[in-house]
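Trainee: Here it is, the structure, as structure tokens.
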Amino acid sequence: MYDIDKYVQAADVDDAVRALTADPKAVIISGGSDVLIKIREGKLAGCSLVSIHGIRELDGVKMEEDGTVVIGPCTVFSHITNNEIVRKHIPILGDAVDQAGGPQLRNIGTIGGNVCNGVTSADSASSLLTLNAVLKLCGPSGSRLVPLEEFYAGPGRTVREHDEVLTEIRITKDNYEGFGGHYIKYGKRQAMEIATLGCAVQVKLGEEKNTVEDLRLAYGVAAPTPIRCRRTEETVKGMPLTPKLADMLAEGALKEVMPRSSWRASREFRLQLVEELARRALAQAVCNAGGEIHA
Amino acid sequence: MLNVIKMKVNGKEVELAVDPRESLLDTLRDRLGLTSVKRGCEVGECGACTVLVDGEAIDSCIYLTMWAQGRSVLTVEGLKGPNGELSPIQQAFIDEAAVQCGFCTPGLIMSAVEIVGTGKRYNREELRKLISGHLCRCTGYENILNAMERIVEETYRAVGKE
């Protein structure tokens, strides 16, 4: 039995927004793999819950006519990994969420919860950042769109208002078409692990497949929130696929990250990972985009 | 306050009053007497409480019973044949001596049901990943994998013949 004060199951998004407006202290619960644990630990003991679990309009992945991929926030990790649209167009995301927790957790943990927790270690975050994902939030006065990069307000904090519900994670065609991507999660165990560091690279190559046309680099656990390395990205655009590219990327990233020491790993070790994972993720991303880094 | 929910448990329609604060683990064990579902860590890490909901393996300790409304739940009790026979998956665990104290076994068997149900042939490395949500497994890492490998192989061969 969980220490829950009040439990409301919302029938749809409007219902959830109403329930949240009515109870300024209520917590949204989707898959439960974070919220229920926090209740068990005591951090959220005695809280009131507004459940959006099982709301159909929030579940599943679809593609709009213009090629925008729309992910329902209540879609569980395993369904994202096995989804045809994800596998075909944004495999980096399917691979990333396949590394969260273990198999049973991936059958209940939702991508919306992973994003809305606002934690820097979220496995979906760096990949979604490299895809320029945009979030649709619905509240009492309507809906608004927020780019994921502007969504994070600090460790575990986001700009989502109390009575807003995340209803869509949107990725437009120009942000996945022609890109090859790769996400690396570094953890001390192969499963049931929280990332010590996560690194995602998406790269689009020039026509001859020997230069960088566009590149995105993002990290989890390298700063208080998931981050993009925008300055470094600009410096490598147009570069040929040589080892110097990997050097520039890794060295540039070091100047943009600000990892800290925690019981999981020291700042120094994380910095080493920032550099090394950038190189490895780049090499694989280039390969996935149909190129190769020549020595 | 109790809420009435309807769900299918081991193939039978069940209608019962539950407290919205209950986990599916609480309900299955304490209201329905399905004690194959083990109460382990209660934070979704050990895998001992694994059951299938609509065919997918979940940790029933971190799943609210209210969410099972209209869904189908399967536990080890639901695997037995009409005359109480063991399922081939359970038999594989016995044949490979994949049991030590047995506490983790029902959960692992339910994961095996999900894995075998895909009809896919998995190698040992893939199987390791597929059962990585079970931290509770005594010392039986190798034998559990042997049992998994055996049943996945047997099923694949059976399905392949059709």
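Trainee: Hey, rough spin-label estimate for A:Asp12 and A:Ser141, points 7 angstrom out along Cα→Cβ, what's it come to in nanometres?
Mentor: In this crude label model, A:Asp12 to A:Ser141 measures out at 2.4 nm.
Trainee: How are the Cα pair distances of the stretch B:26-157 distributed, in percent, across 5 Å bins from 0?
Mentor: 2, 11, 21, 25, 21, 12, 6, 1
Trainee: Based solely on C-alpha atoms, express the radius of gyration and the Dmax of chain A in angstrom.
Mentor: So, for chain A, Rg and Dmax equal 19.2, 62 Å respectively.
Trainee: With chain B treated as a Gaussian network of Cα nodes joined by springs under 10 Å, which of B:Gly84, B:Gly55, B:Gly107 yields the largest mean-square fluctuation?
Mentor: Sorting by GNM fluctuation, first place goes to B:Gly84.
Trainee: Of A:Asn175, B:Gly102, A:Leu215, which is farthest on the positive side of the dipole of the protein assembly as shown, counting Cα position, with +1 on Lys and Arg Cβ, -1 on Asp and Glu Cβ, and the Cα centre as origin?
Mentor: Value: B:Gly102.
Trainee: Additional query: For chain A, what is the mean residue ellipticity at 222 nm derived from helices alone (per DSSP H run of n ≥ 4: -39500 (n - 2.57); sum divided by total residues; nearest 500 deg cm²/dmol)?
Mentor: -9000 deg cm²/dmol
Trainee: What number, rounded to the nearest 500 deg cm²/dmol, is the helix-based mean residue ellipticity at 222 nm of chain B, given -39500 (n - 2.57) per DSSP H run of at least four residues and division by all its residues?
Mentor: -9500 deg cm²/dmol
Trainee: Provide Rg and Dmax in Å for the stretch A:15-171, with only Cα atoms included in the calculation.
Mentor: Final numbers for Rg and Dmax: 14.8, 46 Å.
Trainee: Further, regarding this structure: Describe numerically, in nm with one decimal, the distance between label points set 7 Å from Cα along Cα→Cβ at A:His294 and at B:Gln100.
Mentor: Calculated label separation equals 5.6 nm.
Trainee: With a 1.4 Å probe, what is the total accessible area buried between chains A and B, in Å² rounded to the nearest 100?
Mentor: Interface between A and B: roughly 2400 Å².
Trainee: Carbon and sulfur together cover what percent of the accessible area of the protein assembly as shown at a 1.4 Å probe radius?
Mentor: In the protein assembly as shown, the share of accessible area belonging to carbon and sulfur is 49 percent.
Trainee: When only DSSP loop residues count, what GluC sites (Glu not before Pro) in the stretch B:1-104 have their Cβ near at most 16 other Cβ atoms within 10 Å?
Mentor: Here the sparse-neighbourhood loop sites are B:Glu85.
Trainee: Still on this structure: What is the stretch A:144-189 by shape, rounded, prolate or oblate, if you read a ≥ b ≥ c off the alpha carbon gyration tensor as root eigenvalues and call it rounded for a/c under 1.5, prolate for a/b larger than b/c, and oblate otherwise?
Mentor: On the way: a/c = 2.74, a/b = 1.22, b/c = 2.24.
Note, shape of the stretch A:144-189 comes out oblate.
Trainee: Could you give the accessible area per residue of the stretch A:149-189, probe 1.4 Å, as a whole number in Å²?
Mentor: 48 Å²
Trainee: Helix B:141-161 versus the longest principal axis of chain B: what is the Cα-based angle in degrees, 0 to 90, to the nearest 10?
Mentor: Taking the Cα atoms of chain B, the angle to B:141-161 is about 80 degrees.
Trainee: Size of the dipole of chain A about the Cα centre, Lys and Arg at +1 and Asp and Glu at -1 on the beta carbon, nothing else charged, in debye to 20?
Mentor: Roughly 900 debye, rounded to the nearest 20.
Trainee: Continuing with this model, one more query. Just to be sure I understand the model, the point goes 7 Å from the Cα along the line to the Cβ. What's the resulting A:Asp3 to B:Lys6 distance in nm?
Mentor: My value for the distance between the label points is 3.7 nm.
Trainee: Let me ask something else. Within chain B, what is the number of lysine pairs with alpha carbons under 22 Å apart, leaving out pairs fewer than eight places apart on the same chain?
Mentor: On the way: B:Lys8/B:Lys38; B:Lys8/B:Lys80; B:Lys12/B:Lys38; B:Lys12/B:Lys80; B:Lys38/B:Lys80; B:Lys38/B:Lys129; B:Lys120/B:Lys129; B:Lys120/B:Lys161.
Value for chain B: 8.
Trainee: Looking at the calculated P(r) for the stretch A:24-107, what percent of the C-alpha pair distances fall above 22 Å?
Mentor: Value for the stretch A:24-107 (Cα pairs over 22 Å): 36 percent.
Trainee: Which of A:Gly46, A:Gly198, A:Gly252 moves most in a GNM of chain A, Cα contacts under 10 Å?
Mentor: Maximum among the listed residues: A:Gly46.
Trainee: Then there's this: For the full complex of protein chains and a 1.4 angstrom probe, list A:Phe151, A:Phe179 by accessible area with the highest value first.
Mentor: In descending accessible area the options line up as A:Phe179, A:Phe151.
Trainee: Kirkwood hydrodynamic radius (Cα pairs, Å) of the stretch A:172-215? Write down the numbers at each step before the final one.
Mentor: Working: mean 1/r = 0.0812 Å⁻¹.
Value: 12.3 Å, from the Cα pair sum.
Trainee: In the stretch A:29-104, which GluC sites (Glu not before Pro) are in a loop and have at most 13 other Cβ atoms within 10 Å, using DSSP for the loop call?
Mentor: Passing both the DSSP loop test and the Cβ count: A:Glu64, A:Glu65.
The values are calculated or read from the model by the stated rules, or taken from the named source; none is laboratory data. Since this is a predicted model, take the numbers as computed values, not measurements. Positions of Cβ are backbone-derived with ideal geometry, glycine not excepted, and every protein chain shown enters the neighbour counts. We work out accessible area using only protein heavy atoms, side chains counted, and drop any ligands, DNA or RNA first. Shrake-Rupley method; radii C 1.70, N 1.55, O 1.52, S 1.80 Å.
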